[in-house]
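Heads up: the structure comes next, in structure tokens.
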Amino acid sequence: MGFLTAGLAVCLVLLFALSLVFASDPSGRWMRGGPASVHPSLPQDLAAAPLATPAPAPSGTGGFKLLEYQDDGSGVPVRWDPCRPVHYVVRSQGAPPGGQPAIERAVREIERVTGLRFTFDGGTTEPPTVNRPAQNRERYGNRWAPVLVAWTDPAEYPHMKGFAGLAGPDAVSGTSPGERRYVSGVVYLNREHLGEVATWSDGRDRIDAVVLHEFGHLVGLDHVEDPGELMYRTPTAEPHQEGFEVGDRRGLAALSGGPCYRDF
Ligand SMILES: [Zn+2]
């Protein structure tokens with residue numbers, strides 16, 4: 001079974017949750033309230049209306065948890081702007097067989113359910129880092145850093161030890177007091193472990209499930225305790241061939257249809 005015997009789709013969000021409490025946590029880039037002191041220009045591909053319609057929330061009782069809510073107590077989640085594409089780059093070095101198609105499938109599924117649109121900006125040599133800044137003008141110019149999807153391993157990225165993937169969005173404060181929005185993020189995938197999984201008879205399904213789970217975090221889903229959901233914290237070895245389940249989809253619906261921003 002390899003070194004991740006307890007399940008595949010576990011990830012950084014445990015560290016994420018801790019970072020909300022412990023400011024010294026190395027994953028502190030996800031701390032609440034982190035401001036972006038100089039905002040990039042409005043993107044050229046900003047649209048006047050949401051780029052697509054999200055899927056309706058399914059009925060049912062499946063539960064979900066979201067990573068972050070606005071600070072005003074309104075219960076409104078922190079979300080991505082649906083009027084502009086989510087840009088992403090991929091560092092494909094070391095990707096296992098089936099790895100790149102798994103990313104493409106996950107992106108299409110997230111788009112279909114949330115109504116968000118993703119734009120692939122190509123390959124990158126950017127290595128995965130802790131505390132990746134929301135802007136890197138030297139590498140990406142005057143804009144938010146695109147989401148970095150990177151295949152890595154514990155030797156390069158020690159936090160990956162024991163995880164199949166680590167992912168999360170990067171929120172910045174808006175101009176209204178307490179308002180926050182997602183502008184960037186990371187999806188790091190364990191090429192060492194998933195390279196082994198790729199050799200299993202059901203390896204493709206398992207890689208798909210891991211990658212989709214991580215993209216669920218990217219758009220704002222947290223873990224749930226229900227093993228029937230893809231966002232289960234410690235999933236069993238059963239592959240999630242059906243992808244997102246009812247609770248996951250209800251959570252994704254809650255993350256959809258957010259406001260469009262014009263201030264930056
Ligand atoms: Zn997870």
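The values are calculated or read from the model by the stated rules, or taken from the named source; none is laboratory data. Quick caveat: nothing in here was measured; it's all calculated off a predicted structure. Because the Cβ atoms are built from the backbone with ideal geometry, glycine has one as well, and the counts that use them run over all protein chains shown. Heavy atoms of the whole protein, side chains included, go into the accessibility calculation; ligands, DNA and RNA do not. Shrake-Rupley method; radii C 1.70, N 1.55, O 1.52, S 1.80 Å.
A few comments on the model shown:
- Scanning the stretch 158-185 for residues that are away from the ligand (no atom under 16 Å from the Cβ) and part of a loop (DSSP other than H, G, I, E, B) returns Gly174, Thr175, Ser176, Pro177, Gly178, Glu179.
- Test: residue in the stretch 240-252 that is surrounded by fewer than 19 Cβ atoms within 10 Å (Cβ to Cβ) and either within 16 Å of the ligand (Cβ to nearest atom) or closer than 24 Å to Ala134 by Cα (or both): yes
- Filter pass, Val90 being crowded, with 21+ Cβ neighbours inside 10 Å and in contact with a Gly (Cβ under 7 Å, 6 or more places away or on another chain): yes
- Which numbered condition Phe64 fails, given (1) at pLDDT 95 or above; (2) more than 16 Å from the ligand (Cβ to nearest atom); (3) within 20 Å of the chain's Cα centre (by Cα): (2)
- The residue that is least open to solvent (accessible area, probe 1.4 Å), among those in the stretch 120-146 that are in a strand (DSSP E or B) and not aromatic (Phe, Trp, Tyr), is Gly122.
- Pick from the stretch 107-119, criterion out of contact with any helix residue (DSSP H, G or I) (no Cβ under 8 Å at 6 or more places or on another chain) and of a type outside the set (Gly, Ala, Ser), ranking: surrounded by the most Cβ atoms within 10 Å (Cβ to Cβ): Glu111
- Selection count, the stretch 214-234, where residues are out of contact with any strand residue (DSSP E or B) (no Cβ under 6 Å at 6 or more places or on another chain), outside any loop (DSSP other than H, G, I, E, B) and near the ligand (Cβ under 8 Å from one of its atoms): 1
- The set of residues in the stretch 186-210 that are of a type outside the set (Gly, Ala, Ser), in a helix (DSSP H, G or I) and either more than 12 Å from the chain's Cα centre (by Cα) or modelled with pLDDT of 95 or more (or both) comprises Arg191, Glu192, His193, Leu194, Glu196, Val197, Arg204, Asp205, Arg206, Ile207, Asp208.
- Leading residue by the ranking (farthest from Gly220 (Cα to Cα)) among those in the stretch 69-80 that are open to solvent by 10 Å² or more (accessible area, probe 1.4 Å) and in contact (Cβ under 8 Å) with a residue 24 or more places away in the chain: Asp72
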